[in-house]
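Q: So that we are looking at the same thing, I have put the structure below in structure tokens.
The values are calculated or read from the model by the stated rules, or taken from the named source; none is laboratory data. These figures come from a predicted structure and were not determined experimentally. Neighbour counts run over all protein chains shown; Cβ positions are idealised from the backbone, glycine included. The protein model used for the area step is the full one, side chains on, heavy atoms only, and it has no ligands, DNA or RNA in it. Shrake-Rupley method; radii C 1.70, N 1.55, O 1.52, S 1.80 Å.
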Amino acid sequence: MTITHGELLYEGKAKRIFACQDPQQVLVEFKNDATAFNAQKKAQLENKGRLNCLISACLFELLERHEIPTHYLGVSDDTWMVVQRVDVIPIEVVLRNTAAGSLCRETPISQGTALDPALLDLYYKDDDFGDPLLTDARIALLGVVSFELRQRMEDLVRRVNAVLLPFFKDLGLQLVDFKLEMGLNQAGELLVADEISPDTCRFWDINCADANERILDKDRFRKDLGGVIEAYGEVCKRVQGACPQPRNCR
Ligand code: UDP
């Protein structure tokens, strides 16, 4: 059966979500738009949508092989992914294996410090407020997730890290940190959703000592380092070399 896309349900910064024939599924289109600093910085990066779709598909299938539930069903074209429809929980969970980014801007911890056990930071997913860092008290006050659901989310993110950290290490990539979004499907199952790509993870080339050259993720765009797509392409090449071709849902 050919999957045709229906109405546009939602347009985000990097993806568009469309309805499809099956009401339990949606189609995700990965766009070439790159944004940073809450969309204050914008650009079009040719091929980004294709690379992020392919990398995410491979990683979702890797998680699936490790019995980690995700919303992923398959790809339907270069930049299109078929996923289960979920209610996305408005909390972004960032797992940090190594200190970088906002952790180093907001605290005296220096970049590159190993964090073991990994640090989990929860952010409220709301662009109007600039995705603020949450505290336990604010989570309770906002009532966005119950204590029990929050525990399940944190467990799931740590399980994802336990798969991804050694996977990337074998590819010569240090998984510095990553952001996950999760959702609940119709059956109430908690699933990894959104994407896992150089837009949402930090990767440092293990065999490169230079602090800028080693960056193979969106920090190249944030910091105007150039070679953004080449870096995404390098991550994609290494991931593809270790994963089967993603299944097609067409
Ligand atoms: N991240 C993301 N979306 C966001 C914020 C962060 O995907 O809205 C990812 C980011 O790419 C990095 C990790 O989460 O891999 C941690 O980001 P951090 O909090 O250090 O913020 P940043 O330095 O990007 O402002």
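Q: Considering only protein heavy atoms and a 1.4 Å probe, what is the carbon-and-sulfur percentage of the accessible area of the chain?
A: Numbers: 5980 of 12140 Å².
Its accessible area is 49 percent carbon and sulfur atoms.
Q: If you take the charge dipole of region 45-188 about its Cα centre, with +1 on Lys and Arg Cβ and -1 on Asp and Glu Cβ, which of Phe129, Ser146, Val94 is farthest toward its positive end?
A: Checking the options against the dipole of region 45-188, the answer is Val94.
Q: Can you tell me which of 183-195, 228-240, 39-51 comes out highest on packing, and rank the rest after it, using the mean Cβ neighbours within 10 Å? Display every interim value, and only then the final one.
A: Numbers: 183-195: 17.2, 228-240: 19.2, 39-51: 14.6.
Highest mean packing first, the order is 228-240, 183-195, 39-51.
Q: Hey, what's region 1-160 come to in accessible area per residue, 1.4 Å probe, Å²?
A: Computed with neighbouring chains in place, this is 52 Å² per residue.
Q: For region 30-90 and region 209-250, what is the centre-to-centre distance using only Cα atoms, to the nearest Å?
A: What the calculation gives is 14 Å, centre to centre.
Q: Charges only on Cβ, +1 for Lys and Arg, -1 for Asp and Glu: so what's the dipole of the chain about the Cα centre, in debye to the nearest 20?
A: Working: 30 positive and 39 negative charges, 65 e Å.
I would put it at about 320 debye.
Q: May I ask you to derive the FRET efficiency for Gln151 and Ala187 from their Cβ-Cβ distance with R0 = 22 Å, giving the value to the nearest 0.05? Intermediate values should be presented prior to the final figure.
A: Details: r = 19 Å, r/R0 = 0.87.
Computed FRET efficiency for Gln151 and Ala187 comes out at 0.70.
Q: Also, quick follow-up: Pop a pseudo-label 7 angstrom from the Cα along the beta-carbon direction at both Ser110 and Phe129 and give the gap in nm to one decimal.
A: A separation of 3.5 nm, rounded to one decimal place.
Q: What number comes out for the charge environment of Ala36, summing +1 per Lys or Arg and -1 per Asp or Glu over other residues with Cβ under 12 Å away? List each step's numbers first, then the result.
A: Details: positive: Lys13, Lys41, Lys42, Lys218, Arg220, Arg222, Lys223; negative: Asp33, Asp199, Asp217, Asp219, Asp224.
Residues close to Ala36 contribute a combined charge of +2.
Q: Next question. HN-Hα J couplings of region 161-168 from phi, Karplus 6.51/-1.76/1.60, θ = phi - 60°, integer Hz, Gly and Pro as x?
A: Values per residue, Gly and Pro as x: 4, 5, 8, 6, 4, x, 4, 6 Hz.
Q: Place the peptides 28-35, 10-17 in order of packing, highest mean first, counting for every residue the other Cβ atoms within 10 Å and averaging per peptide. Please list the in-between numbers first.
A: Details: 28-35: 20.5, 10-17: 16.2.
So the order, starting with the most tightly packed, is 28-35, 10-17.
Q: Next question, about the same structure. Once phi is turned into ³J(HN,Hα) by the Karplus curve 6.51 cos²θ - 1.76 cosθ + 1.60 with θ = phi - 60°, what whole-Hz value does each residue of region 30-46 show in order, with x for glycine and proline?
A: 7, 8, 8, 5, 10, 9, 8, 6, 6, 6, 6, 10, 9, 7, 9, 10, 4
Q: Roughly how much of Glu154 is accessible, in Å² to the nearest 10, using a 1.4 Å probe?
A: For Glu154, the solvent-accessible surface is approximately 40 Å².
Q: Could you work out the per residue convex hull volume over the alpha carbons of the chain, in cubic angstrom? Intermediate values should be presented prior to the final figure.
A: Values: hull volume 32.9 nm³, N = 250.
It is 132 Å³ per residue.
Q: Take the Cβ-Cβ distance between Gln245 and Asp87 as r, set R0 to 51 Å, and report the resulting FRET efficiency rounded to the nearest 0.05.
A: Numbers: r = 31 Å, r/R0 = 0.60.
It comes out at approximately 0.95.
Q: For the cross-link pairs Lys42/Lys237; Lys125/Lys237; Lys41/Lys169, which exceed 28 Å when the distance is taken from alpha carbon to alpha carbon?
A: Details: Lys42/Lys237 25 Å; Lys125/Lys237 31 Å; Lys41/Lys169 31 Å.
Long pairs (Cα-Cα over 28 Å): Lys125/Lys237; Lys41/Lys169.
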